[in-house]
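A.B. asks: My structure is below; once you've seen it, I'll send some questions.
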Amino acid sequence: MESVDLFSTWKGELQTMERRLEDKIAIVTGAGQGIGRGLALRLAREGCHVVVADLNEATANAVTEEVKALDRRAIAVKVDVSDAAQVAAMVDRTVAEFGRIDILVSNAGILKSFPITDFPEDVWDAIIRVNLKGNFLCMREVAKQMIKQRSGKIISMSSKSGKKGSLWNAAYCASKFGIIGLVQSVALDLAPFGINVNAVCPGNVFETPLWDQLDIEYSRKLGIPPEKVREKYIEKVPLGRGCTIEDVANVVVFLASKESDYMTGQAINVTGGQEMR
Ligand SMILES: NC(=O)c1ccc[n+]([C@@H]2O[C@H](COP(=O)([O-])OP(=O)(O)OC[C@H]3O[C@@H](n4cnc5c(N)ncnc54)[C@H](O)[C@@H]3O)[C@@H](O)[C@H]2O)c1
């Protein structure tokens, strides 16, 4: 019987899996660092031209250069996703530059944690404004263009905190649960136009700048030293490790590709088995 080299077959499959999104136009918000930066670079490796959108102009510029180094077109857009006029300008600029929008990755988000009785109202407002209203505004403006095209993929960054409550995280959880309701509703609005709207719910992605801040905040709420916090969170994960940016990117690329054409209104867990609903 002829023997099959499974490893080289698998490697071959991986090679053909690259560039599944050749010449697609993608907007990634919060792309200046962390998960958003990783997604912008992975989408570029898959063939996308990328709009690198972030509140922080300097980091957006830096990531734009990284995308260009991958031989893809890229522009940096300074945007506050919670400001309707700025979001509309981001969409106009994308269409002026690239002529269309195939993919929106609505990733920008913030997190601050406090016990409920000490939760400052302005922090509550900021988290809901950026995480929830920001997603609404980006979807609303991008949808106008995608409806004209009668195609598009909208992917929103929720969290495992969008499926289950989390200590000291009233505002963050409310915003991430809210994103799932938003995604399910907008999926219905846009289904007649062949536009897919889905959410991704990652577990703890430690390789992000966000976690430098969370080590300190969570050490206070758990009463353990900052260097022990990640260990404590990994103990809760059946697959025994933190989530990587690449784990998230694998699902985002799938949701941005034709392979997910029959999926809409879903909220996909990428949590190593920690969240199953
Ligand atoms: N890191 C994790 O463990 C984790 C887990 C699940 C979900 N998430 C979600 O993934 C997304 C990215 O998280 P991250 O860990 O990369 O965070 P991060 O803090 O490292 O990066 C967030 C980026 O968003 C930008 N941003 C913040 N407010 C903005 C605004 N108003 N307009 C435009 N850009 C803005 C920041 O400048 C920054 O570049 C967030 O929505 C977060 O809630 C993160």
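A.B. asks: For region 138-147, does any single residue satisfy the condition of being away from the ligand (no atom under 14 Å from the Cβ), of a type in the set (S, T, N, Q) and open to solvent by 60 Å² or more (accessible area, probe 1.4 Å)?
C.D. replies: No, because not a single residue in region 138-147 is away from the ligand (no atom under 14 Å from the Cβ), of a type in the set (S, T, N, Q) and open to solvent by 60 Å² or more (accessible area, probe 1.4 Å).
A.B. asks: Applying the selection to region 203-227, what residues are more than 10 Å from the ligand (Cβ to nearest atom) and either of a type in the set (A, V, I, L, M) or surrounded by 13 or more Cβ atoms within 10 Å (Cβ to Cβ) (or both)?
C.D. replies: Those that are more than 10 Å from the ligand (Cβ to nearest atom) and either of a type in the set (A, V, I, L, M) or surrounded by 13 or more Cβ atoms within 10 Å (Cβ to Cβ) (or both): Asp215, Ile216, Glu217, Tyr218, Ser219, Arg220, Lys221, Leu222, Ile224, Pro226.
A.B. asks: Collect the residues in region 45-87 that are open to solvent by less than 20 Å² (accessible area, probe 1.4 Å), part of a helix (DSSP H, G or I) and in contact (Cβ under 8 Å) with a residue 40 or more places away in the chain, keeping them in residue-number order.
C.D. replies: Val87
A.B. asks: Regarding region 89-101, can at least one residue be identified that is under 19 Å from Ala199 (Cα atoms), under 17 Å from the mean Cα position of the chain (by Cα) and touching a residue at least 24 places away in the same chain (Cβ under 8 Å)?
C.D. replies: yes
A.B. asks: With Val105, Val95 as the choices, which residue is crowded, with 19+ Cβ neighbours inside 10 Å and over 19 Å from Gly165 (Cα atoms)?
C.D. replies: After ruling out the rest, the residue left standing is Val105.
A.B. asks: I need the full set of residues from region 148-179 which are assigned to a helix (DSSP H, G or I) and buried (at least 20 other Cβ atoms within 10 Å of the Cβ), in order please.
C.D. replies: Across region 148-179, the qualifying residues are Lys160, Ser161, Gly162, Ala171, Tyr172, Cys173, Ser175, Lys176, Ile179.
A.B. asks: Open to solvent by 10 Å² or more (accessible area, probe 1.4 Å), of a type outside the set (A, V, I, L, M) and near the ligand (Cβ under 9 Å from one of its atoms): is that true of Gly134 in this structure?
C.D. replies: no
A.B. asks: Do you know which of the residues in region 88-107 that are within 16 Å of the ligand (Cβ to nearest atom) and not in a strand (DSSP E or B) is nearest to Ala31 (Cα to Cα)?
C.D. replies: Within region 88-107, the match that is nearest to Ala31 (Cα to Cα) is Asn107.
A.B. asks: Now a separate question. Mind checking which pairs have a first residue in region 19-44 that is more than 19 Å from Val142 (Cα to Cα) and a second that is part of a helix (DSSP H, G or I) and among the acidic types (Asp, Glu), Cβ under 7 Å, 6 or more apart or different chains?
C.D. replies: These pairs meet every condition: Leu41/Glu66.
A.B. asks: Could you please give the count of residues in region 158-184 that are polar (S, T, N, Q) and touching a strand residue (DSSP E or B) at 6+ places or on another chain (Cβ under 9 Å)?
C.D. replies: Of the residues in region 158-184, 4 are polar (S, T, N, Q) and touching a strand residue (DSSP E or B) at 6+ places or on another chain (Cβ under 9 Å).
A.B. asks: Which condition number does Gly242 fail, the rest of (1) in contact with a helix residue (DSSP H, G or I) (Cβ under 7 Å, 6 or more places away or on another chain); (2) loosely packed, with under 14 Cβ neighbours inside 10 Å; (3) at pLDDT 95 or above being met?
C.D. replies: Status for Gly242: all satisfied but (2).
A.B. asks: Identify all residues within region 168-181 that are farther than 15 Å from Ile110 by Cβ and out of contact with any helix residue (DSSP H, G or I) (no Cβ under 6 Å at 6 or more places or on another chain); write none if there are none.
C.D. replies: Result: Gly181, single match.
The values are calculated or read from the model by the stated rules, or taken from the named source; none is laboratory data. None of these values were measured; they are calculated from a predicted model. Note: ideal-geometry Cβ built from the backbone for every residue, glycine included; neighbour counts use all protein chains shown. Surface areas here come from the heavy atoms of the whole protein model, side chains and all, with no ligands, DNA or RNA. Shrake-Rupley method; radii C 1.70, N 1.55, O 1.52, S 1.80 Å.
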